[in-house]
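Working notes, beginning with the structure itself.
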Amino acid sequence: MPFFQQDSRLLVLPTKICAYLKQKNYSCDFGLSPKQNAEVVAYTQFVSEAFEPALQYFCWVMDSNYRSVMRPCYSKRLPWFYKFWYTDRRLRYSALEFMQSLYKHPLLNSTESEVVQKAQDCIKLLSDKLGTQEYFLFPHSPSSLDAVIFSYLALFLKIPLPNFPLKEIIRVTPNLERFVARILHRYYGNIRDSLTTSSYFGIDGHATRKPSDEVQYPRNQKILSIGVGIAVMLAFAFKNGMVEFGMNGTRAEVNEQEDEDNF
């Protein structure tokens, strides 16, 4: 998730970041004509509707991609307590809910084919729109539309998913591949080394660590997490009367014996 911080102000959503920068008279869309501004709105909506289902499906819904790349990649960066549930219960569950809102049976092969076809049509349209230009609207500088398109295409090209047909589809459109490389070189060139050495996968899209290495947790963390889990379950069971200690039984026997003696 992108974030923007200025002094004590922290913004974590792209829409809020863009709105805040525009309030401060910072915008990459200054100079666009009314027609071009309308194109930004229309293409942004079109790209999101075509690419977001593909991103959610192949990263989070498809089991092989999720288990081999996405879960170990996120687990490496999460605090230890979140490693055991956050990716499954929050990230993947949200992706499944999103796909179910669009498709009745998101796990069927027909859904995958439909997702790929819709994204492929969008890729072809964008390739035709870009042509031989460097950017989509301005001749020599990017607009907010370029940022939206880059945010999807870069992920499609760089995430090393074992099953991801869109990567090959983009690679047969050289102008889009050059578009991604141009922005990476111009705006992210100073962090290439850090991306390659510290990330789960490098800037070239190849994994820098084995997925199996990312889920090996220290023994003390495993023992502590198991202990916390057992304590929570026992507390829940005791509170709801599912578990009773032997004191009640002993006290009942004592009371019964006292009643017999008095009788």
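The values are calculated or read from the model by the stated rules, or taken from the named source; none is laboratory data. No experiment lies behind these values; they were computed from the predicted model shown. Backbone-built Cβ (ideal geometry, glycine too); neighbour counts: all protein chains shown. Ligands, DNA and RNA are excluded from the accessible area calculation, which covers all protein heavy atoms including side chains. Shrake-Rupley method; radii C 1.70, N 1.55, O 1.52, S 1.80 Å.
Some points to look at:
- Evaluated with a Cβ-only charge set (Lys, Arg +1; Asp, Glu -1), the range 125-173 carries a dipole of roughly 160 debye about its Cα centre, given to the nearest 20.
- Portion, in percent, of the accessible area of the range 129-186 that falls on carbon or sulfur, probe 1.4 Å: 58
- The range 16-129: C-alpha gyration tensor shape, a/c 1.5 cut-off, then a/b vs b/c: oblate
- Positive-end ranking of Phe4, Cys59, Phe138 along the dipole of the range 1-142, with charges on Cβ about the Cα centre, is headed by Phe4.
- With every protein chain in place, the range 29-76: carbon and sulfur % of accessible area (1.4 Å): 58
- Pairs from the table (Lys118/Lys167; Lys16/Lys118; Lys124/Lys167) lying more than 18 angstrom apart at Cα are Lys16/Lys118.
- The magnitude of the dipole of the range 36-153, with charges of +1 and -1 set on the Cβ of Lys/Arg and Asp/Glu and taken from the Cα centre, is near 720 debye.
- Global geometry of the range 1-78, whether rounded, prolate or oblate, following the gyration tensor of its Cα atoms and the 1.5 cut on a/c: oblate
- Cα-derived Rg to Rh of the range 72-194, Kirkwood definition: 1.02
- With contacts taken as Cα pairs under 8 Å at a separation of at least 6 residues, the range 8-92 carries a relative contact order of 14 percent.
- For the range 103-174, the solvent-accessible area with a 1.4 angstrom probe is 48 square angstrom per residue.
- Applying both filters, DSSP loop and at most 12 other Cβ atoms within 10 Å, to the trypsin sites (Lys or Arg not before Pro) of the range 92-121 gives Lys104.
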